[in-house]
Amino acid sequence: MSQKVECPVCCHAFHPSVISEHVNMCLNNEEQDIDQTLTVAMEPDSKKRKSSDWSFLSMNKRSECKKKCDQATHEQKICSSSSKTEESASLPGISQKSANVNGQSSNNIPLAERMRPQSFENFVGQENSEGKQSLLMQVLSHSNHLPSLILHGPPGCGKTTFAKIIAHKVKAKGNIKFVTLSATTCSVSDVKEVAKVAANDLKMLHRRTVLFLDEIHRFNKSQQDTLLPYVEDGTLTLIGATTENPSFHVNSALLSRCRIVTFDKLNMDSVKKIITRALTLLGVSLITPGEATSTENPELTDSDRPSALGMEVEAVDTLAGLVDGDARAALNGLQLSIEGLLARESQISNSKLTITPAVVREALQRSHILYDKSGEEHYNTVSALIKSMRGSDASAALYWMTRMLEGGENPLFIARRLVIFASEDIGLADPAALNLAVATHQACQFIGMPECNLNLAHCVIYLARAPKSTEVLQALQAARKCVQSHQGALPPVPLHLRNAPNKFLKNLGYGEGYKYPPAYSGPVDQCYFPPSLAGTDFFSKGS
């Protein structure tokens, strides 16, 4: 009788003749659990998951695998059938819209999710950095090797879509598995469990695993270190996405093992192209000033197609201009505009519903400004403000100040920078500038937003127009250099400059020989430096 072999996945013993088939079913069954459960980590209601949803992460639940294996063949047939149905029903280059996802109808899926393309041919934007002729795109399109990537860019520029297109490509090849995690909801133990399964896949099935880790900057440096051995030995191919500068927020050791792909903010033409494609998807007509062009989609059902609904070209331009290059915000704004109009449809059913610029502004309420009070954009914008004032461009300075305030910046932060600027860049050229800057800081404390924006604008314009002088800054730097570069012990304070508050110190010579300038009618010839530094001038050009 042959000795039984233990399955490395579920730890049950089987006859050698069936162990290979059993391991394949175990791994395929576990892969379905991982793909379905870990993808939920990307959804807003992920915090409501029960602990049972994560049962695939618990080692003591391995016993369930044997029962699932008996149904594996049947489940695979069902999955294969549903996969073919989805593929045949989808529009070219657009993800499935009318099929249910996680039990939800397409009406409950955000428009931004429904509009995700499935191929690089339909990917909008990033023509300069990641165009079709770039080396990276050629590698992704024609090679079986996928390098580890860090996708860096502002929100809504296509990072997640780029990763999901890669997922479609690698899954089509069959020998690569794609797993999605979000650093906002997962932990190190989740990453280790994925790596453990990936190691089994690589050993038993020669199948590689690609891990997409969204918001990777939310992992601290020690958590990011967990990824290093798996990326280095090839157990995992990492695709990380972040809105923060990776040089500041991603471990340098991890960066050296990944290719950094920088995504630019989408321009208005790209955003308008995405909006127009969404109108086609929804069957909404595009209305020009002199004509109406129907963009109805015959593949949509009556329940999916808004009746008698159109959108003015000017409204498309308005929406694209308000979202500041964020395609997700544009699609969400479009969806909100349509839902708002349809809510009134019962009252004006005899009229054609039209999305106008006013409707778009009402839906968004305000401009969608890309500004992070603690991120890179925070420092980029304040740098632009300072340099505009230094260059005496009052209009540009006022623009950057307004962008900061509209983005939610603390007015006291701006006021503190103005106080520093008054001494650093204006100084003695206009001593009143410092008084105004300090008064502005106090006004911001007393009044607060939104009224204190007038005080800030007053000060910014004054500082930009004031004469500039860096004499104070240069003299301070020269004095600091003199002290820091001195060789040996610093020279003592000369006796005639020392304070002599009592008789004992006077007997030691403190204050002896000091000439009190107000007692003299003219200039006093007296050295105020240590003897070794006599004649030093921090205001001369040579200093």
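The values are calculated or read from the model by the stated rules, or taken from the named source; none is laboratory data. On a predicted model such as this, the values are computed, not experimentally measured, just so you know. Glycine gets a Cβ as well: all are built from the backbone with ideal geometry, and neighbour counts include every protein chain shown.
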Considering the range 534-543 alone, what residues qualify as being exposed (fewer than 10 other Cβ atoms within 10 Å of the Cβ) and hydroxyl-bearing (Ser, Thr, Tyr)? Ser540
Suppose we filter Gly407, Gly448 for residues that are in contact with a Phe, Trp or Tyr (Cβ under 7 Å, 6 or more places away or on another chain) and assigned by TED's automatic domain parsing to the domain that holds Leu385; which single one remains? Gly407
If I filter the range 369-381 for residues that are surrounded by 14 or more Cβ atoms within 10 Å (Cβ to Cβ), modelled with pLDDT under 60, assigned to a loop (DSSP other than H, G, I, E, B) and not hydroxyl-bearing (Ser, Thr, Tyr), do I get at least one hit? yes
Return yes when Gly131 is touching a helix residue (DSSP H, G or I) at 6+ places or on another chain (Cβ under 6 Å) and either within 28 Å of Ile275 (Cα to Cα) or at pLDDT below 75 (or both) and no when it is not. no
Can you list the strands (runs of 3 or more DSSP E) found entirely within the range 164-256 that contain at least 2 residues being touching a helix residue (DSSP H, G or I) at 6+ places or on another chain (Cβ under 7 Å) and more than 26 Å from Met25 (Cβ to Cβ)? 236-242
Only one of Ala429, Ala466, Ala437, Ala478 is among the aliphatic types (A, V, I, L, M), within 29 Å of Ser540 (Cα to Cα) and without any contact (Cβ under 8 Å) to a residue 40 or more places away in the chain. Can you tell me which? Ala437
The condition from (1) in the same structural domain as Ala396 (by TED's automatic domain parsing); (2) free of Cβ contacts under 8 Å to residues at least 12 places away in the same chain that His458 misses is numbered (2)
Of the residues in the range 257-279, those that are assigned to a helix (DSSP H, G or I) and polar (S, T, N, Q) number 2
So, in the range 459-479, exactly how many residues are at pLDDT below 95, assigned to a helix (DSSP H, G or I) and of a type outside the set (D, E, K, R)? 8
For the range 506-522, pairs from a residue that is closer than 16 Å to Leu495 by Cβ to a residue that is of a type in the set (Lys, Arg), with Cβ under 8 Å and 6 or more apart or across chains, are Tyr510/Arg498; Gly511/Arg498; Glu512/Lys506
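Please find, within the range 269-326, the residue that is modelled with the lowest pLDDT out of those that are acidic (Asp, Glu) and in contact with a strand residue (DSSP E or B) (Cβ under 8 Å, 6 or more places away or on another chain).
Among those that are acidic (Asp, Glu) and in contact with a strand residue (DSSP E or B) (Cβ under 8 Å, 6 or more places away or on another chain), it is Glu296.
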Which residue is nearest to Ser388 (Cα to Cα), if the candidates are limited to the range 444-460 and must be touching a Cys at 6+ places or on another chain (Cβ under 9 Å) and crowded, with 20+ Cβ neighbours inside 10 Å? Leu456
Is one or more of the residues making up the range 478-497 out of contact with any Phe, Trp or Tyr (no Cβ under 8 Å at 6 or more places or on another chain), within 30 Å of Glu406 (Cα to Cα) and either outside the structural domain of Glu424 (by TED's automatic domain parsing) or not small (Gly, Ala, Ser) (or both)? no
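Residue-wise test of (1) modelled with pLDDT of 85 or more; (2) in contact with a helix residue (DSSP H, G or I) (Cβ under 9 Å, 6 or more places away or on another chain); (3) exposed (fewer than 11 other Cβ atoms within 10 Å of the Cβ).
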| residue | (1), (2), (3) |
| --- | --- |
| Leu495 | yes, no, no |
| Gly509 | yes, yes, no |
| Gly513 | yes, yes, yes |
| Tyr520 | yes, no, no |
| Ser532 | yes, no, yes |
Complete set of residues in the range 209-253 that are touching a residue at least 40 places away in the same chain (Cβ under 8 Å), among the aliphatic types (A, V, I, L, M) and farther than 17 Å from Val179 by Cβ: Val250
